[in-house]
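Down below is the structure, laid out as structure tokens.
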Amino acid sequence: MRIDIITVSPELIKSPFEYSILKRARDKGKAEIHFHDLRKYAINKYGKIDDYQFGGGAGMVLMMEPIDKCISQLLQERKYDEVIYMTPDAQTLNQQTANSLSAKKNLIILTGHYKGVDQRVRDKFVTKEISIGDYVLSGGELAAAVLCDAVIRLIPGVLGDETSALTDSFQDNLLAPPVFTRPADYKGMKVPEILLSGNFPKIDEWRHEQALNRTRRIRPDLLDEESSDD
Ligand code: 6GU
């Protein structure tokens, strides 16, 4: 997969890609990330990329022209499956979206700043808009990093068996069950007997039950979604 990230702050978004699973995915050639500094496409030599909004109101809006130049150039070079715009006024990211994006070949991710981008950018170029939750961040960069992490770890061959994505929370609309490691008894706090039993069918059953209980208690809305999908 190739991901082109268009941003006003490339430095802000780069570091998550240099560690752990995202780094491994790049090293293995499973994910190729390109960062594009929007300021390089500025409309003048002073680096202008934003302006006041028509109709008045606080906050600067990213202009059409620099974004048009950047995206148009990329679209000329190759075909993209999606042009994604990170913005809080969009549908929220979930595991299903991450799963479907992980099967794509080429993605553009545009991150907004300030008051966002001129609506005409969204109308002309953007094919998918994604928020990462019901709260406002200062910019879309961290949200883009979150999206990339969620997507890239699902690309086949990125995770080994030991970190398989199949048992993640949300993969089956359930929260993950509790996990324990050694020692089996820490100052009187004991690990549930069943996990030490070696009876794997029973352990699976216990884990499923725990996952259900947790989901009912903490995120009952996920169970509603499950039944409404049928
Ligand atoms: Cl994608 N961008 C910003 N600025 N804030 C957010 C968001 C995105 N998702 C949730 N909050």
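Structure above, values below:
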item	result
Whichever residue in segment 62-116 is free of Cβ contacts under 8 Å to residues at least 12 places away in the same chain and among the hydroxyl-bearing types (Ser, Thr, Tyr) and, among such residues, is nearest to residue 41 (Cα to Cα)	72
Options 150, 176, 165; residue that is among the small types (Gly, Ala, Ser) and either farther than 24 Å from residue 13 by Cβ or surrounded by fewer than 14 Cβ atoms within 10 Å (Cβ to Cβ) (or both)	176
Residue that is farthest from residue 63 (Cα to Cα) [pool: residues in segment 1-34 that are surrounded by fewer than 17 Cβ atoms within 10 Å (Cβ to Cβ) and of a type in the set (Ser, Thr, Tyr)]	20
Residue in segment 171-181 that is β-branched (Val, Ile, Thr) and in the same structural domain as residue 214 (by TED's automatic domain parsing) present	yes
Residue 164 at pLDDT 90 or above, among the hydroxyl-bearing types (Ser, Thr, Tyr) and not assigned by TED's automatic domain parsing to the domain that holds residue 219	no
Residue satisfying condition, being farther than 14 Å from residue 8 by Cβ and either exposed (fewer than 12 other Cβ atoms within 10 Å of the Cβ) or in contact with a Pro (Cβ under 7 Å, 6 or more places away or on another chain) (or both), within set 82, 77, 65, 129	77
Positions within segment 27-70 being out of contact with any Leu (no Cβ under 6 Å at 6 or more places or on another chain), in a helix (DSSP H, G or I) and closer than 21 Å to residue 110 by Cβ, in sequence order	38, 39, 40, 41, 64, 65, 67, 68, 69, 70
Members of segment 71-129 that are among the acidic types (Asp, Glu) and either within 15 Å of the ligand (Cβ to nearest atom) or within 21 Å of residue 49 (Cβ to Cβ) (or both)	82, 89, 118, 123, 129
Hits in segment 95-146 (condition: among the aromatic types (Phe, Trp, Tyr) and farther than 20 Å from residue 80 by Cα)	114, 135
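The values are calculated or read from the model by the stated rules, or taken from the named source; none is laboratory data. What you see is a predicted model; the values in this text were computed from it and never measured. Glycine also receives a Cβ, built like all others from the backbone with ideal geometry; neighbour counts cover every protein chain displayed.
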